[in-house]
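The values are calculated or read from the model by the stated rules, or taken from the named source; none is laboratory data. Because the structure is a prediction, the values reported are computed rather than measured. For neighbour counting, all protein chains shown are included, and Cβ atoms are generated from backbone atoms with ideal geometry for every residue, glycine included.
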Amino acid sequence: MQADKTTLTDLSIFNTADEQAVFNYLDFTRTVGGKEWLRFFLSKPFDTIKAITETQHTIQKFLAVQQQWGNTLVSNGTIMVIEKFYETGIEEIPHNPGFISSFYYSIFSAPDFSFIRYSVKHFADFFTGMQQAATLLQADDNPTLLQTMLEQIKLRLNKPGLQAVLQKEDGKDFSKQQLLQLGHFLKRRYKQEALDLIEIYSKLDAYYSMACACDKYQLSFPSFTDTDKPEIKAKQLFHPLLPTPVAYDVDLNQQQNFLFLTGANMGGKSTFIKAVGVAVYLAHTGMGVPAQQMELSLFDGLLSNINVVDNLVQGESYFFNEVQRIRKTVDKISDGKKWLILIDELFKGTNVQDAMKCSSTVIEGLLKIKNSLFILSTHLYEIGEDLKKFPNIQFKYFETAVTNGQLYFSYQLKEGISNDRLGYLILKREGVVEMLEKL
C-alpha cells in the first residue's frame, strides 16, 4: 500500500520531534537494532493479504511467549559488546594456543586478553539467549516468516567450533587456553555468522515489540476481505495516541463511499479522520489496530490532506498548496485502484464563498470515483444540502451542546449535518472579547 511522506506526517506515524508519534507508542524494543527494524516494518505497508496475515501470525506467536521472552539472556549491552569486539583492533590471537603461549599472551597482552575474556562471556550469553529464543518460538504451525528465521539461527549455532561455548557448564570459567581458542575462532572464522545472528535477533525484537503493543493496548487483528471493492467496517475504533479516547463505529463501502463530516471546532473531526487513517495504515503493516473489531479490503494507497502549509520561500500560498495537493490526489486515484482519501477542512486558505464553490466542485468530482473511499470534513455545512442528491454520500457530524454559555463536546458521531457556529462563543469563553473591550 502506498502512503507518501505527507500522509505519514499527517497521521503522526514517525514524527521524530514528537513523542506522541505512533512509532513511539508501539516501541517496546529492547535493542537498537530492534528499534530500527520496527521502524522499517512500520514504514513498509504490505500490498498482499498473504504477507499481512503471515506477519499477524508471527506477532501472535510472540504474544503467546511474551512473558517468557524477557528471561532470555540477550540484551542490547551484550550485542554492543559483540559489535565492539569486531570493530576493535587487538594483538593477533594465537591460532592454536598452548598452555605456555596462552600464559604469555595473558601477561604481555594483558589489556587485549581482558577484552577477549570479557567479550567471550558476552558471546556465550548471546548464543545461549539465541538458543532460548529459538526453543521458545519453535512450533509445528509457525508461519514461514518466523520458521525461516528460526532455521537460520539453528544453522549458524551448529557451525563446528562453536560447541565449546554452547556446552560450557554454568558457573565454570573458561581456561586461558580456551578463551584464546574461542577468541580466535570468533574473530577470524565466525564474524559474518555473529553479525547475521544479531540481525535476526533484531528482527525478532521488533516483532516482540509489536506483540507487546498489541497486548498492552488491547489492539485487535483485522480481517481482510479478498475483494475488488473498497470497504472499511470497524467497531469501537479509537485514536491510539489519546489518553482517554472515544470510540467510533465506521462503515464505508462502494455503495456509500463518501463520508461528509461536519461539526464545530474541537468537536473531534480531525481526530476521527486520523484515527481511521492510522488504523488502516497499521492494518496493512500486519499490526493490530485500535479497534474492537475491523474488517477491510486491501487498499492500494492511502492519501491525506490534513496539515497543508504555505511555502514562503517559493512564494506559494496556503490555498495554492491546497489546490496542488488535491490535484496530485486526483491524478493518483484516477488509476481505478482502491484508495482511502482523508481530507480535513478543504480550502481553508480562501474566503467562504470561494471555498464553498471550490469544495462543491471537488466533492462532486470525487463522488464519480467509485473504487475509492473518502472522508472529508468541513465547516461549510451549507454545501451539504445540494450533495444529498448523490446516493453514495453519507452525512455525519460531531455533536456539540451549549449550556449557560459553556461548550460541551460529547465526541459522539451522529447522523446528519451540523450547522454549529461556535467560533465567537469560544473567543468569548477564553476571555478575548473582554480583553478587547477593555482596550
> Going by the conditions given, is residue 315 out of contact with any helix residue (DSSP H, G or I) (no Cβ under 8 Å at 6 or more places or on another chain) and either within 26 Å of residue 231 (Cβ to Cβ) or modelled with pLDDT under 85 (or both)?
Replying inline: yes
> Which condition number does residue 134 fail, the rest of (1) within 48 Å of the chain's Cα centre (by Cα); (2) surrounded by fewer than 18 Cβ atoms within 10 Å (Cβ to Cβ); (3) without any contact (Cβ under 8 Å) to a residue 40 or more places away in the chain being met?
Replying inline: (2)
>> Here is a list: 186, 237. Which entry is under 30 Å from residue 372 (Cβ atoms) and out of contact with any Lys or Arg (no Cβ under 9 Å at 6 or more places or on another chain)?
In response: 237
> Looking at the range 206-259, which of its residues are part of a loop (DSSP other than H, G, I, E, B) and basic (Lys, Arg)?
Replying inline: 229
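Yes or no, residue by residue, for (1) touching a His at 6+ places or on another chain (Cβ under 7 Å); (2) at pLDDT below 95:
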| site | (1), (2) |
| --- | --- |
| 27 | no, no |
| 42 | no, no |
| 46 | yes, no |
| 66 | no, yes |
| 73 | no, yes |
| 90 | no, yes |
| 102 | no, yes |
| 108 | no, yes |
| 131 | no, yes |
> Is there a residue in the range 222-241 that is under 23 Å from residue 68 (Cα atoms) and loosely packed, with under 13 Cβ neighbours inside 10 Å?
Replying inline: no
